[in-house]
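In what follows, a structure is listed as structure tokens, so that the remarks can point back to it.
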Amino acid sequence: NYIYYLIMKIFLLILCFLFILPVTASDYGVFERGDYTYKSTPEERTLFVLDFSNSMSEYLDGQSKADMMVNTVRQLLPAINPNSEVGLRVYGHRMGFTPIEACRASKLLVPIGRLNPEAINNALLKTEPRGMTPITFSLKQAIRYDFMGFPGKKHIILLTDGGENCDESPCKFAMDLIRTRKDITIDVIAFNINDEDDLDQLKCTSLVTSGNFYTANTAAELAKSLRDSSTGIKSVEAKIISK
């Protein structure tokens, strides 16, 4: 009986090693590659939140501000690590029959996932500036829904050519947010904005979340602001762990 018990115990240990351990390893993102074990670690997810309000149809240096923004973002995408987790939300892209509806004009066009330049390009080219500037509503939607289920740091790059005009305050929202959330950073790019109150609101939105605040008035400045903000986009990192 003792020998039988010993054989069964060894047999069960072998089964655990062959079946249970590989499943556990895959659940935690550990994969065997030759003489090394690669462990994937989610670092940061990034969401572009871009302004397509009616004022973005105004011309600046011979082209509309919307076209300048779209062209700049499209030129930026190839420089981003293709393994990065990136998404796209836009706002102001439709009018609505009432002010309330116009102030809910915010939509996630490309869900956060491994960088998909073609999807982002296509979404941008199909979007036209039309409506109002629901910045705060867009930030609320992004944080409540777009990052849902994602661990780690969350990075929003907000680009706008004006302040909030939907009777809300992005600054107040950001201040309320940091009381309970420490995993969200908001970078703000103020594009061709001269109103001091609007600039103060936007600067507050970024700084209280430990984000960066940029101002841009030309295509070159816009490109630099987007490039500087996106340098923080990190890919899923592969770490080599010796056996």
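Observations on the structure shown:
- In plain terms, the C-alpha convex hull of the range 94-243 casts an average shadow of 11.1 nm² when viewed from every direction.
- Estimated inter-spin distance, N121 and D228, nm [label 7 Å along Cα→Cβ]: 2.8
- Under 5 Å, built H, 5+ apart or other chain: amide partners of L60: K65
- Pairs of lysines in the range 100-236 (C-alpha under 16 Å apart; 8 or more residues apart or interchain): 11
- Cα-based Rg / Dmax (Å) for the range 136-224: 12.9, 38
- Stretchable slack from M148 to L76, in nm (0.36 nm times residue separation minus alpha-carbon distance): 23.3 nm
- Rh (Kirkwood; distinct C-alpha pairs) - the range 91-171, Å: 13.8
- Between R179 and F97, the contour length at 0.36 nm per residue exceeds the alpha carbon distance by 26.0 nm.
- Loop-resident sites, the range 45-123, for GluC sites (Glu not before Pro), counting at most 15 other Cβ within 10 Å (DSSP): E58
- For the range 50-137, the Kirkwood radius over C-alpha pairs fed into Stokes-Einstein at 25 °C and 0.890 mPa s yields D = 181 µm² per second.
Here, each number is a calculation from the coordinates, and none is a lab measurement. Predicted model, so just to flag it, every value in this text is computed and none were measured. All Cβ positions, glycine included, derive from the backbone under ideal geometry; neighbour counts span all protein chains shown.
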